[in-house]
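Accompanying notes for the structure given below.
The values are calculated or read from the model by the stated rules, or taken from the named source; none is laboratory data. In this text the structure is predicted, and so the values were computed from the model without any measurement. Glycine gets a Cβ as well: all are built from the backbone with ideal geometry, and neighbour counts include every protein chain shown.
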Amino acid sequence: MSNIKMKRLGQIMEPEPGNPQEVEGVLNPGAVRGPDGALYLFPRLVAKNNYSRIGIARVQFNEAGDPTGVERLGIALEPEADYELRPNGGGGCEDPRVTFVEPLQRYMMTYTANSSQGPRIALAVSKDLFHWERLGPATFEAYEDIDFKHVDNKDASIFPVAIPNHCGKMQMAMIHRPLFPGTNPEETAHQDTSRLVHLHHECIWISYCPMGCNNQQPDHLGIFNSHHRLATPVSPWERLKIGGGTPPVLTRHGWMEIYHGGKRNEKSKP
């Protein structure tokens, strides 16, 4: 038996009363240590009509070292670019994941940009976590008969170091989850539970980008290619969907990726 015990410490952030930027919730934060050693959160702040910004908050700790709350420090990104805006005045910068990329000596943020085309992966870069420069939406080469370019995509995160692609070339790598037509959870939830999982279309993928790693701030993105299927739903609790969680962490056993899965609630069958 393990001697590890879990202790719930409570909420450290909830919607601020009277703040219109948070009226529909604060959720799905990215977390990272800053240059000053402090722990920062980058929560999705949801305003009316699901209009989402990415905030900045510094985690506060008590003398025992337990987190007790946050200090709100402003906005990292809000919908401004065309790939973040919808014609009706809506839009979204959502669900960030922040990684310090060692070869670049920069923080890289992957986030979901929600425009009229649907959710797409976008990236931004920063030296200090407070000033972010957009690099634009991620672009993908096709792979065999699979088109990554014209489909929804989210749950992306970047490795903190360059890793070898299938040819052994050291490149920036990104985990992502394309949402192909017919495989969205909203669609598959209404199908029979005995359906076959599509081994290419319902997976977590890894793709590589030949971005230079020369300690200079990148001003644009290369095309992601060298695609490889990383994880396919296997267990019953993954059959509705799977997707990446935190950015990959290097351990003595190799890379660790915490991911999420979902299954249909049998009580809510159509």
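Is it true that residue 68 is part of a strand (DSSP E or B), surrounded by fewer than 15 Cβ atoms within 10 Å (Cβ to Cβ) and in contact (Cβ under 8 Å) with a residue 40 or more places away in the chain?
yes
Mind counting the residues in segment 45-65 that are free of Cβ contacts under 8 Å to residues at least 40 places away in the same chain and at positive phi?
Residues flagged as free of Cβ contacts under 8 Å to residues at least 40 places away in the same chain and at positive phi within segment 45-65 amount to 1.
If residue 36 meets every condition in (1) touching a residue at least 40 places away in the same chain (Cβ under 8 Å); (2) part of a loop (DSSP other than H, G, I, E, B); (3) closer than 25 Å to residue 159 by Cα apart from one, which number is that one?
Every condition holds for residue 36 apart from (1).
Spot the failing condition for residue 228; the list is (1) outside any strand (DSSP E or B); (2) modelled with pLDDT of 65 or more; (3) surrounded by fewer than 14 Cβ atoms within 10 Å (Cβ to Cβ), and only one is missed.
Failed condition: (1).
Name the single residue, out of those in segment 2-44 being loosely packed, with under 11 Cβ neighbours inside 10 Å and at positive phi, that is modelled with the lowest pLDDT.
10
Tally time: how many residues in segment 249-264 are assigned to a loop (DSSP other than H, G, I, E, B) and either in contact (Cβ under 8 Å) with a residue 12 or more places away in the chain or under 14 Å from residue 175 (Cβ atoms) (or both)?
4
Go through (1) without any contact (Cβ under 8 Å) to a residue 60 or more places away in the chain; (2) outside any strand (DSSP E or B) for residue 130 and report which single condition fails.
Answer for residue 130: the failing condition is (1).
Kindly establish whether residue 122 is within 19 Å of residue 155 (Cβ to Cβ) and crowded, with 22+ Cβ neighbours inside 10 Å.
yes
Taking segment 102-119 as the search range and keeping residues that are of a type outside the set (S, T, N, Q), more than 15 Å from the chain's Cα centre (by Cα) and farther than 17 Å from residue 179 by Cβ, which one is surrounded by the most Cβ atoms within 10 Å (Cβ to Cβ)?
Among residues in segment 102-119 that are of a type outside the set (S, T, N, Q), more than 15 Å from the chain's Cα centre (by Cα) and farther than 17 Å from residue 179 by Cβ, the one surrounded by the most Cβ atoms within 10 Å (Cβ to Cβ) is 104.
Going through segment 139-186 one residue at a time, which ones are part of a strand (DSSP E or B), of a type outside the set (A, V, I, L, M, F, W, C) and modelled with pLDDT under 90?
Once the filter is applied, which keeps residues that are part of a strand (DSSP E or B), of a type outside the set (A, V, I, L, M, F, W, C) and modelled with pLDDT under 90, segment 139-186 yields only 143.
Of the conditions (1) charged (D, E, K, R); (2) within 17 Å of the chain's Cα centre (by Cα); (3) under 20 Å from residue 224 (Cα atoms), residue 95 clears all except one; give me its number.
(3)
For segment 1-56, give me each residue that is among the hydroxyl-bearing types (Ser, Thr, Tyr) and touching a strand residue (DSSP E or B) at 6+ places or on another chain (Cβ under 8 Å).
Once the filter is applied, which keeps residues that are among the hydroxyl-bearing types (Ser, Thr, Tyr) and touching a strand residue (DSSP E or B) at 6+ places or on another chain (Cβ under 8 Å), segment 1-56 yields 40, 51, 52.
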